[in-house]
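**Q** Here it is: the structure, laid out below.
Just so you know, all these numbers are worked out from the coordinates, no wet-lab data involved. For clarity, every value in this text was computed on a predicted model and none was experimentally measured. We place every Cβ from the backbone using ideal geometry, glycine too, and count neighbours over all the protein chains shown.
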């Protein structure tokens, strides 16, 4: 893979000569210097009033190496990053994520504190105008806190899960694994959110990261032990067995969260849907 040191030198040299860029900031694992391996990418932010120009072409990437694949993302939809990005994989396999941010991004953090990305670590590689002056310091060990759900949010997650469970069981009997997998994926995300809540209830200072990252480090062992089987989608039979284990795991975790937050635990619903799913799968010799 391309040398990260060489890439960083080229990026800084490029930014020094480009008047559109006021600062270059690195985030992610290489800024934290933790969890880095040979495949870790570079997360680079160009900050300046003219950096949006870089979204109009990809020719500038040739300054750093030979791009193999490039994705330009406007990020204008809800729940997407606040600024446009360019994701590139160079010909030897190194990936760089570029973000193009106006100075207001840093100004906001000077007043409101570091956002979720910067709170996990950042490093100023170049500042030509002093735009980063006054930016709160990154403190290792600090991380964004997970908000616990309202009763309505908990109800929505549990309801969605058990609805999908019924449908996945039926799809597996038809060997519709593409459709079953899509719904099953939604169910697993529901379990992930539930376990994040549960861990946060037990220890508000525990870092659950995001999207299941580093799950081996923070997920309770009593739930971690069943993940391999839950994720086994090799064929309809293993998927069916994994589904039943997923239902049992979710039921236990949701009851723990409900009891801790004094919410309804929906145990009657979970029991009935589990019975229905079992019957459907048994009738079709899948379990």
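**Q** Given 37 °C and 0.692 mPa s, compute D for the range 68-206 with the Stokes-Einstein relation, Rh being the Kirkwood radius over Cα pairs; round to the nearest whole µm²/s. Mind showing how you got there, number by number?
**A** Details: Rh = 19.1 Å.
Stokes-Einstein gives a translational diffusion coefficient of 172 µm²/s.
**Q** Next up: To the nearest 10 degrees, how steep is helix 236-261 against the longest Cα principal axis of the chain, on a 0 to 90 scale?
**A** 80
**Q** Along Cα→Cβ, 7 Å out, is where each label goes; now give me the distance between the ones at residue 275 and residue 68 in nm to one decimal.
**A** The two pseudo-label positions are separated by 5.4 nm.
**Q** Further, regarding this structure: Once you treat every alpha carbon in the chain as an equal point and sum by Debye, what is log10 I(q)/I(0) at q = 0.10, 0.16, 0.17 Å⁻¹?
**A** -0.70, -1.17, -1.24
**Q** May I ask you to compute the full-extension gain from residue 112 to residue 235, defined as 0.36 nm times their residue separation minus their alpha-carbon distance, rounded to one decimal in nm?
**A** 39.3 nm
**Q** Between the range 229-280 and the range 86-104, what's the alpha-carbon centroid distance in Å?
**A** Using only Cα atoms, the two centres lie 40 Å from each other.
**Q** Moving on to the next point. Using a basic spin-label model with each label point 7 Å from the Cα along Cα→Cβ, how many nm lie between residue 75 and residue 174?
**A** Output for this residue pair reads 3.9 nm.
**Q** Rounded, prolate or oblate for the range 74-153? Axes are the square roots of the Cα gyration tensor eigenvalues, ordered a ≥ b ≥ c, and the cut-off for rounded is a/c under 1.5.
**A** Oblate shape, in that a/c is at least 1.5 and b/c is the bigger or equal ratio.
**Q** I would also like to ask the following. According to the Cα gyration tensor, what semi-axes, each the square root of 5 times an eigenvalue, does the equivalent ellipsoid of the range 151-284 have, listed from largest to smallest in whole Å?
**A** 25, 17, 12
**Q** Given a Förster radius of 30 Å and the C-beta distance between residue 129 and residue 3 as r, what FRET efficiency does 1/(1 + (r/R0)^6) yield to the nearest 0.05?
**A** Values: r = 29 Å, r/R0 = 0.96.
Calculated value: 0.55.
**Q** OK, next. Can you tell me the length gained on complete extension of the stretch residue 181 to residue 159, counting 0.36 nm per residue apart and subtracting the Cα distance?
**A** 6.1 nm
**Q** State the extension gain, in nm to one decimal, for the chain segment bounded by residue 252 and residue 139, taking 0.36 nm per residue of separation less the distance between their alpha-carbons.
**A** Details: separation 113, 0.36 × 113 = 40.68 nm, distance 3.57 nm.
Extra length available between residue 252 and residue 139 comes to 37.1 nm.
**Q** Sort 101-111, 245-255 by packing, meaning the average of other beta carbons within 10 Å per residue, with the highest value first.
**A** Taking the mean over residues of other Cβ atoms within 10 Å, the ranking is 245-255, 101-111.
**Q** So what are the three principal axis dimensions of the range 4-127 from its Cα atoms, in whole Å, longest to shortest?
**A** Projected onto the principal axes, the Cα atoms of the range 4-127 cover 40, 33, 31 Å.
**Q** How do the peptides 163-172, 268-277 rank, highest first, by the average count of neighbouring beta carbon atoms within 10 Å per residue?
**A** My ranking of the peptides, most packed first, is 163-172, 268-277.
**Q** Also, I was wondering about something else. Extending each Cα 7 Å along its Cβ direction at residue 82 and residue 167, get the distance between those two points in nm, one decimal.
**A** If labels sit at residue 82 and residue 167, their model points lie 3.4 nm apart.
**Q** Okay, moving on. What FRET efficiency comes out for the pair residue 16/residue 213, r = Cβ-Cβ distance, R0 = 30 Å, nearest 0.05?
**A** So, using R0 = 30 Å, E works out to roughly 0.35.
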